[in-house]
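A quick write-up on the structure given underneath.
The values are calculated or read from the model by the stated rules, or taken from the named source; none is laboratory data. Computed from a prediction, not measured in an experiment: that's the story for all the values here. For neighbour counting, all protein chains shown are included, and Cβ atoms are generated from backbone atoms with ideal geometry for every residue, glycine included.
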Amino acid sequence: MQAIQPVIPALFDALQYGLTTATSDHADYRLKRDDDQHYYVHQARRLAVEELTRQGFLARDEDSGRPLVPMSGIFIGYRGVALRVYRTSKARSGKIAPPLPGRSVKKQEFWRQEPALDGLDADNILLTWSDDQGRLDEQMRMYRPVAGDHRRDSFKCSWEGKLTRAMANLRAEDLRLLQADIEYPNLETGTT
């Protein structure tokens, strides 16, 4: 994933900025995050979107100038990679579950590796992040999906792996040495 190396520090910094500001605002207004998880996360993500837009990383509609995904979603098209960024929470097992497209036709197309934008020949990659009390987890998870709908067992990916802030300090050539944590050559069964 050396293609997205320049995006890594910007993404980590933008998400942490959003989380820090949302945490501060909640403290200032004496709001409890647990009372409305969606508001806190939406505010953090919205601020991250603004930060990524300022740096020129966020993909926007050419006609309207608006972001390509709704609700302050993060979509970055960069060097042959279409990156959709999602917040996820850890399961009780401590494992982060990949996001599902649900019943959204556009998301299901993205999961099937159909072009995210007209004329964009890119690998569609999902990136998940989480936080602990307003502190961004140091490791994110990347997935290259190939199928999925609203059912957990429908999700299939050709590979998955980690993304850390430290990877931004590696030379692009060194990133070629990194391998996916798990590759799934037999997509029908999801086995390695």
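Taking each residue of segment 38-50 that is over 16 Å from ASP13 (Cα atoms) and looking for partners that are crowded, with 18+ Cβ neighbours inside 10 Å with beta-carbon atoms closer than 6 Å, six or more apart or interchain, yields TYR40/ALA22. Picking from residues in segment 1-38 that are surrounded by 18 or more Cβ atoms within 10 Å (Cβ to Cβ) and of a type in the set (S, T, N, Q), the one that is farthest from ASP123 (Cα to Cα) is THR23.
Each row is one residue, and each column tells you yes or no for (1) of a type in the set (Lys, Arg); (2) outside any helix (DSSP H, G or I); (3) more than 14 Å from the chain's Cα centre (by Cα).
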| site | (1), (2), (3) |
| --- | --- |
| ILE8 | no, no, no |
| LEU19 | no, no, yes |
| SER24 | no, no, yes |
| VAL41 | no, no, no |
| GLU62 | no, yes, yes |
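Scanning segment 156-183 for residues that are modelled with pLDDT of 80 or more and either over 20 Å from the mean Cα position of the chain (by Cα) or part of a helix (DSSP H, G or I) (or both) yields ARG165, ALA166, MET167. Summed over segment 101-123, residues that are modelled with pLDDT of 90 or more and touching a Phe, Trp or Tyr at 6+ places or on another chain (Cβ under 6 Å) total 1. Restricting segment 139-155 to residues that are of a type in the set (D, E, K, R) and either assigned to a loop (DSSP other than H, G, I, E, B) or over 16 Å from the mean Cα position of the chain (by Cα) (or both), the residue that is nearest to GLU109 (Cα to Cα) is ASP149.
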